[in-house]
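Q: Take a look at this one; I'll ask things after.
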Amino acid sequence: MFWLWFFPVSYLIHAAEEFWGGEGYTAYLYRLRGVHISVSRFIILHLLGLTLISAGLGLAYLLHFPVFMIVIFGALIFSNGISHTVTAIWDRGYGPGLITSILWIPLGALAVYDMFGQVSNLRLAIAAVIGIGIMGGVAFFTMKGGKFW
C-alpha cells in the first residue's frame with residue numbers, strides 16, 4: 001500500500017529540509033520565536049518522530065487498521081503543511097521545511113480522500129481530528145523548546 005511507505009519516507013525528506021534548509025529550523029525557530037532547541041535535541045526528536053510513524057504504521061498494518069492510521073497521518077501532514085505555509089506568509093519568507101510542507105498539503109488531503117468509503121465517515125472524522133490534534137501537540141511541544149516540562 002503506497003501510503004504505508006510514503007509517510008516515513010516523506011517525513012525523512014521533510015526532516016532533512018528542516019535541518020539543512022535555509023538557516024536550519026533550530027536557528028529559524030530561535031530567530032522567529034525566541035525558542036531554543038539544540039541541534040542534538042532536534043535530531044533526537046526527529047528520530048523519535050520517525051520511529052513513532054514507522055511503528056504506528058507497522059502496527060496498524062499488522063492489527064488490520066491501516067486506513068485509520070493513514071487518515072491520521074494524512075491529516076497530520078496536511079495540517080503541518082498549513083502551519084508552515086501560514087507562518088511563511090505571516091513572516092514573509094522561507095522557513096525550513098516549507099517546500100516539503102507545501103507538497104504535504106495536497107498529499108495529506110489526497111491520503112484522507114483516498115480512504116473515503118473504506119471506513120465509516122465517523123471513523124474517518126475521528127482519525128482526522130486525531131491527526132490534527134497530534135500536529136497541535138507537536139507545535140505546542142516545539143514552542144516549549146522540545147521539553148516535556
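Q: Give me the percent relative contact order of the chain, please, defined on Cα pairs under 8 angstrom at least 6 residues apart.
A: After rounding, I find 30 percent.
Q: Kirkwood hydrodynamic radius (Cα pairs, Å) of region 27-149?
A: It is 15.4 Å.
Q: With a 10 Å radius around each residue's Cβ, average the other Cβ atoms per peptide and rank 116-125, 4-13, highest first.
A: So the peptides 116-125, 4-13, ranked by packing, come out 4-13, 116-125.
Q: Then there's this: What do you get for the angle between helix 2-20 and the principal long axis of the chain? Use alpha-carbon atoms, 0 to 90 degrees, nearest ten.
A: Long axis of 2-20 versus the principal axis of the chain: about 0 degrees.
Q: What ranking, highest mean first, results for peptides 65-71, 50-56 when packing means the other Cβ atoms within 10 Å averaged over each residue?
A: 65-71, 50-56
Quick note: the coordinates plus some simple rules give every number you see, no bench work behind them. Owing to the predicted nature of the structure, the values given are computational and were not obtained by experimental measurement. For neighbour counting, all protein chains shown are included, and Cβ atoms are generated from backbone atoms with ideal geometry for every residue, glycine included.
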